[in-house]
1. Can Val128 be described as part of a loop (DSSP other than H, G, I, E, B), under 18 Å from Pro38 (Cβ atoms) and not charged (D, E, K, R)?
2. Could you check how many residues of region 91-100 are crowded, with 20+ Cβ neighbours inside 10 Å and either among the aromatic types (Phe, Trp, Tyr) or in a loop (DSSP other than H, G, I, E, B) (or both)?
3. Does region 101-118 contain any residue that is surrounded by fewer than 16 Cβ atoms within 10 Å (Cβ to Cβ) and modelled with pLDDT under 95?
4. If Arg67 satisfies all but one of (1) more than 29 Å from Lys118 (Cβ to Cβ); (2) of a type outside the set (Asp, Glu); (3) out of contact with any Leu (no Cβ under 7 Å at 6 or more places or on another chain); (4) modelled with pLDDT of 95 or more, what's the number of the condition it fails?
5. Going through region 1-48 one residue at a time, which ones are assigned to a strand (DSSP E or B), aliphatic (A, V, I, L, M) and under 26 Å from Lys129 (Cα atoms)?
6. Looking at Arg67, Arg77 in this structure, which one is farther than 14 Å from Met94 by Cα, under 12 Å from the mean Cα position of the chain (by Cα) and in a strand (DSSP E or B)?
7. Under the condition of being touching a Phe, Trp or Tyr at 6+ places or on another chain (Cβ under 7 Å) and not polar (S, T, N, Q), which residue from region 34-71 is surrounded by the fewest Cβ atoms within 10 Å (Cβ to Cβ)?
8. Hey, any hits in region 80-89 for a residue that's touching a residue at least 60 places away in the same chain (Cβ under 8 Å), of a type in the set (D, E, K, R) and touching a helix residue (DSSP H, G or I) at 6+ places or on another chain (Cβ under 6 Å)?
Amino acid sequence: MLEPLILATVISISDGDTLTVLHEQKQIRVRLAEIDAPERKQPFGTRSRQSLSEICYRKEAKLTSSRTDRFGRTVARVHCNGVDANAEQVRRGMAWVYDGFATDMKLFVLQAEAREEKRGLWVDKEPVKPWEWRRQQRKN
């Protein structure tokens, strides 16, 4: 397990809630905690990835790690140049608050504002939550 606070450089963006950092010459895959972004093949998947790239790519990141997920990724709150990337993705309408894992109630407020203002994925009348989309893909 990694120490709770990690300073690193973001070297790649996989999707709207996953990135890779370089820390002490080691690559670490990081899953942004408490949020879930659309999958690549899902509506807004590409836009969500681009948004996270704007926030973090090639920037210094401060990670507050909470745990490791079942895929071996570090689950963390990520701040890039002082911007809370997890919260910013939700504020921009580029990710959902991950209901079962969220503890930061401010994220729910940001999500409600994004939905109300029809930002990002909220322009769709009935956007599909990524965890529901993945479940449907497994069935097919």
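1. Values: part of a loop (DSSP other than H, G, I, E, B): yes; under 18 Å from Pro38 (Cβ atoms): yes; not charged (D, E, K, R): yes.
When the stated conditions are applied, Val128 passes them.
2. 6
3. Within region 101-118, one or more residues are surrounded by fewer than 16 Cβ atoms within 10 Å (Cβ to Cβ) and modelled with pLDDT under 95.
4. (4)
5. Narrowing region 1-48 to residues assigned to a strand (DSSP E or B): 5-15, 18-23, 26-32, 35-36.
Filter again for aliphatic (A, V, I, L, M), leaving 5-8, 10-11, 13, 19, 21-22, 28, 30, 32, 35.
Selection gives Ile13, Leu19, Val30, Leu32, Ile35.
6. On the way: Arg67 fails: under 12 Å from the mean Cα position of the chain (by Cα).
Only one candidate passes the filter, namely Arg77.
7. Residues of region 34-71 that are touching a Phe, Trp or Tyr at 6+ places or on another chain (Cβ under 7 Å), as a first pass: 34-36, 38-39, 42.
Those left that are additionally not polar (S, T, N, Q): 34-36, 38-39.
Numbers: Glu34: 23, Ile35: 27, Asp36: 24, Pro38: 26, Glu39: 19.
Within region 34-71, the match that is surrounded by the fewest Cβ atoms within 10 Å (Cβ to Cβ) is Glu39.
8. No, every residue in region 80-89 fails to be touching a residue at least 60 places away in the same chain (Cβ under 8 Å), of a type in the set (D, E, K, R) and touching a helix residue (DSSP H, G or I) at 6+ places or on another chain (Cβ under 6 Å).
The values are calculated or read from the model by the stated rules, or taken from the named source; none is laboratory data. Computed from a prediction, not measured in an experiment: that's the story for all the values here. Methodologically, a virtual Cβ is constructed for each residue, glycine included, from the backbone with ideal geometry; neighbour enumeration extends over all protein chains shown.
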